[in-house]
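Comments concern the structure below.
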Amino acid sequence: MRVAFLAISFFLLSFFLFAEEDFDLELPSQVPNLFDDLNTVAKVNREINDELPFLFNYQLQGGYFAMPSARMAKAGTFGFQYSYENPYQLYNLLFQLFDHLELTGNYWLYTGIQDVTLGEKFGTFTDRAANVKLALLQKQDGLPELPEFAIGVNDFIGTMRFTSWYIVATQTFLKYNLELSLGWGNDRIKGFFGALAYTPFRKSKIPFLKDLTFAVEYDANDYKNHRDEHPNARQVKSPINVGVHYKFLDFFHLTASTIRGVDFAGSAAITYNIGETKGLFPKIYDPTPYVAPIDNEPIGILRTKKELGQELAYAFQEQGFETYTIIQTVNADQKDILWIKLINVRYRIEDEVRNRILHVLSSLIPDNIFEALVVIEADGVPVHQYRFRTPELMRFQKGLIGEKEFQVVAPLQEASGKPSIYDGAVLYRRKKSIWMLTFRPQFRSYWGSASGKFKYDVGFISGPQGYLFDQIYYDLQLSYIISSSASDIGDKDILNPSQIVNVRSDSIRYVQTPFHVVNGYLQKSWNLGSGFFTRLAGGYFELAYGGVAGELLYYPVQSNWAVGFEVAAVWKRKFNGLGFQRKVRKLQGIQPTYISYWGLQYFMDLYYEYKPLNLDFKVSFGQFLAWDKGVRLNAARTFPSGLRVGAWYTFTNAKDIVNGDRYHDKGVFFSLPLDIFLNKSSRTRIGYSMAAWLRDVGAKAATGKELYQTIYFERYNQNPVFY
């Protein structure tokens, strides 16, 4: 009877309250002037964006206290939360991958219970959980009168101590500042649950009261009978939790409530939409697009070729480009053209690159030049080119066409080869830098060691990189660890020792001394034409491996797919110094044996980009470092801010057993453009990746700068004209 009453009440209340609301968005039959039209648009926008405060539960899911709701944060939202839900403490992460897909992770601490398996140094017993929630229907899907619906699974991988699956519906009543949810779950969440939230001061003119919400929920967690519950959590006097949510400055969230009728709980969270942000600071140090002086004087007595070369090189440098070659030559119709090679050192978006080049050329191209071919180079390889015809440039200068038209008039093309100096005149030439000193901080983290839950090291990486003979790229990087807590971490998993050749699981030994030569290698890349690229590389590729490598890639311009083949012969480096190991450890049980080893990894790579959602996929078939054969799947999404988030999963024929189950290498990664934190544009990215376990199955060695990544980021356009 209770279940039927809750369900009937939910839907009757929903339709009753909506019957009272006025959803008349009909436009007037006659709009007398532009201001009325603008007011109507503003009213519609306000109603579309009008919503109740978004609430998070103690696991950083859209929800109340212990229970979830069907609501979702905006795509790109990242959050961190600390929750105290006696007898648990939780550290939580949130990432909203899509408007309809919520991902959260929890690190549970069982207060007062020691981990008897990993020992005294590990301390309090802990568990990790990953959760997913999928929205089936949201307000923005076009049916605002209906409730939002979502399904979810809590703790779906690993030990699954807190696993549940559920379905939930949520209705908001803006006129009454109410939010109502009703759901049903199985496993830890057992049966029906529901919640009601009220934001009484939402329309208040007092800012600090607007986002104060009171909530009550029926908590369906089966604390008494769930097998993995903390002993102190089994006491339940009431399934009703009552409390308050408060949001301020749009980023900070505080929550406090009763829990199980016997205790109090609370949380503090910070959230930020890092996927949609335009940056923390305005780009005040970016140059304005070139506007003056305008000089379209033809090449001749009054404007020499050398003067033109200097003018263009200076203007491009001011705009954030390095100019390396300008040649005056002729095309197939014997018309004079300019061939220009630039390196983009500042901008992440291909549209921005085209537009800034457009402004320079429209202002400075001589009127006796028929067109300009501008080749963009990255990491020593010509990636693509633009073709700017002088008549269109002059029309742009006069304001007859705009930047958007040049996405069609001057689209990306395959890069043309450098003209022979015997077929033209060199207006400008400079060589690439022989060396440039780089510096960046370094942070590494280690989770789940028997010597402690969390270990780290902090230091820096620095060294020169540049080009030898203007052709061969080199990179030499040295690192120094300033502070580390990882010196007592062992180099094998006592509970689950890897039984295949130890190509990665002993990697901790590389970072237990302060100074390292991280890498030192040479690489030469070529654009073979017609969408084909290749490279050769050799040297110390990373802290653990060095050798030789080659890659062939087919990635034509305007294509959303690519295919490549890569091969590398690598040797495992010694844990100290520059030498290589002739034999590598292989455990028999927990006893070490040593076998002769050199690694041969080879892959056929398939790439696909789904541009409407800025998703890209990579599938690699081949052989990995431990001689295991299989496939590795990568998927990532790039957000408007430049944030790139992804995951990988590997299937191979190697049998690696972890906690009684066969383990497949998997993990998550992200990279973030540094200019989010700067007041100027920058192409520099910072990244982080984390595997579920440090194992040997499905392992790959770095082999230098990958062609696809170089080309992908140079061609990246958030809103391409051509798909």
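The values are calculated or read from the model by the stated rules, or taken from the named source; none is laboratory data. Just so it is clear, the model here is predicted, and its values are computed rather than measured. Cβ sites come from the backbone with ideal geometry, for glycine too, and all protein chains shown count toward neighbours.
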### Task
Please work out which residue is farthest from Ala544 (Cα to Cα), limiting yourself to segment 438-488 and to residues that are in contact with a Lys or Arg (Cβ under 6 Å, 6 or more places away or on another chain) and of a type in the set (A, V, I, L, M, F, W, C).
Ile472
### Query
When the residues of segment 323-342 are filtered to those that are free of Cβ contacts under 8 Å to residues at least 40 places away in the same chain and not basic (Lys, Arg), which remaining residue is farthest from Gln407 (Cα to Cα)?
Gln334
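Per-residue answers, yes or no, for (1) surrounded by fewer than 19 Cβ atoms within 10 Å (Cβ to Cβ); (2) under 20 Å from Ile240 (Cβ atoms):
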{"site": "Pro144", "(1), (2)": "yes, no"}
{"site": "Pro147", "(1), (2)": "no, no"}
{"site": "Leu178", "(1), (2)": "yes, yes"}
{"site": "Gly185", "(1), (2)": "no, yes"}
{"site": "Arg188", "(1), (2)": "no, yes"}
{"site": "Phe192", "(1), (2)": "yes, yes"}
### Selection count where residues are over 30 Å from Ile590 (Cα atoms) and either among the charged types (D, E, K, R) or touching a Leu at 6+ places or on another chain (Cβ under 7 Å) (or both), scope segment 492-522
2
#### Entry: Number of the condition not met by Leu528 [criteria: (1) more than 28 Å from the chain's Cα centre (by Cα); (2) in contact (Cβ under 8 Å) with a residue 12 or more places away in the chain]
(2)
### Query
Of the conditions (1) assigned to a strand (DSSP E or B); (2) not assigned by TED's automatic domain parsing to the domain that holds Phe162, Ala215 fails just one. Which one is it?
(2)
### Task
Among the residues of segment 562-599, write down those that are β-branched (Val, Ile, Thr), closer than 27 Å to Thr513 by Cα and surrounded by 14 or more Cβ atoms within 10 Å (Cβ to Cβ).
Val570, Val584
### Task
With respect to Ile326, determine if the residue is out of contact with any Asp or Glu (no Cβ under 9 Å at 6 or more places or on another chain), in the same structural domain as Ser420 (by TED's automatic domain parsing), crowded, with 20+ Cβ neighbours inside 10 Å and aliphatic (A, V, I, L, M).
yes
### Task
Looking for whichever is more than 30 Å from Tyr716 (Cβ to Cβ) and of a type in the set (Ser, Thr, Tyr) here; the options are Tyr446, Tyr467. Which one fits?
Tyr446
### Task
Kindly provide the set of residues from segment 624-654 that are of a type in the set (Ser, Thr, Tyr) and either farther than 16 Å from Tyr716 by Cα or part of a loop (DSSP other than H, G, I, E, B) (or both), ordered by number.
Ser641, Tyr649, Thr650, Thr652
### Query
If we scan segment 75-97, do we find a residue that is at pLDDT 75 or above and β-branched (Val, Ile, Thr)?
yes
#### Entry: In segment 610-669, residue surrounded by the most Cβ atoms within 10 Å (Cβ to Cβ) [restricted to those that are among the acidic types (Asp, Glu) and touching a residue at least 24 places away in the same chain (Cβ under 8 Å)]
Asp665
### Query
Regarding Leu196, is this residue within 21 Å of Lys247 (Cβ to Cβ) and touching a Leu at 6+ places or on another chain (Cβ under 7 Å)?
yes
### Task
Looking at (1) loosely packed, with under 14 Cβ neighbours inside 10 Å; (2) farther than 30 Å from Lys306 by Cβ; (3) more than 27 Å from the chain's Cα centre (by Cα); (4) of a type in the set (Ser, Thr, Tyr), find the lone condition where Ser485 falls short.
(1)
### Query
Which of the residues spanning segment 655-669 are assigned to a strand (DSSP E or B) and more than 26 Å from Trp598 (Cα to Cα)?
Asp661, Val668, Phe669
### Query
What number of residues within segment 369-421 satisfy the criterion of being in a strand (DSSP E or B) and charged (D, E, K, R)?
4
### Task
Give segment 469-483 a look and list any residue that's part of a strand (DSSP E or B), more than 16 Å from Ala702 (Cβ to Cβ) and polar (S, T, N, Q), or say none.
Ser483
### Task
Could you please give the count of residues in segment 670-723 that are part of a helix (DSSP H, G or I), under 23 Å from Leu522 (Cβ atoms) and among the β-branched types (Val, Ile, Thr)?
2
### Task
Considering only residues that are in a loop (DSSP other than H, G, I, E, B) and within 27 Å of the chain's Cα centre (by Cα), look in segment 248-263 and name the one that is surrounded by the fewest Cβ atoms within 10 Å (Cβ to Cβ).
Leu249
#### Entry: Failed condition for Val236, given (1) surrounded by fewer than 14 Cβ atoms within 10 Å (Cβ to Cβ); (2) in a loop (DSSP other than H, G, I, E, B)
(1)
### Task
Please find, within segment 416-456, the residue that is farthest from Ile327 (Cα to Cα) out of those that are among the polar types (S, T, N, Q) and loosely packed, with under 13 Cβ neighbours inside 10 Å.
Ser445
### Task
Would you mention how many residues in segment 294-312 are closer than 17 Å to Leu358 by Cβ and of a type outside the set (Asp, Glu)?
3
### Query
Does Tyr597 fit the bill of being closer than 23 Å to Phe533 by Cβ and either free of Cβ contacts under 8 Å to residues at least 40 places away in the same chain or not hydrophobic (A, V, I, L, M, F, W, C) (or both)?
no
### Query
In segment 288-312, what count of residues is obtained for those that are surrounded by 13 or more Cβ atoms within 10 Å (Cβ to Cβ) and either in contact with a Ser or Thr (Cβ under 9 Å, 6 or more places away or on another chain) or free of Cβ contacts under 8 Å to residues at least 40 places away in the same chain (or both)?
6
### Message
Here is a check on your reading of the model: is Gln413 surrounded by fewer than 16 Cβ atoms within 10 Å (Cβ to Cβ) and under 25 Å from Glu551 (Cα atoms)?
### Response
yes
### Message
Residues that are within 21 Å of Val262 (Cβ to Cβ), at least 3 per element: which strands (runs of 3 or more DSSP E) completely within segment 53-138 meet that?
### Response
77-85, 88-98, 101-114
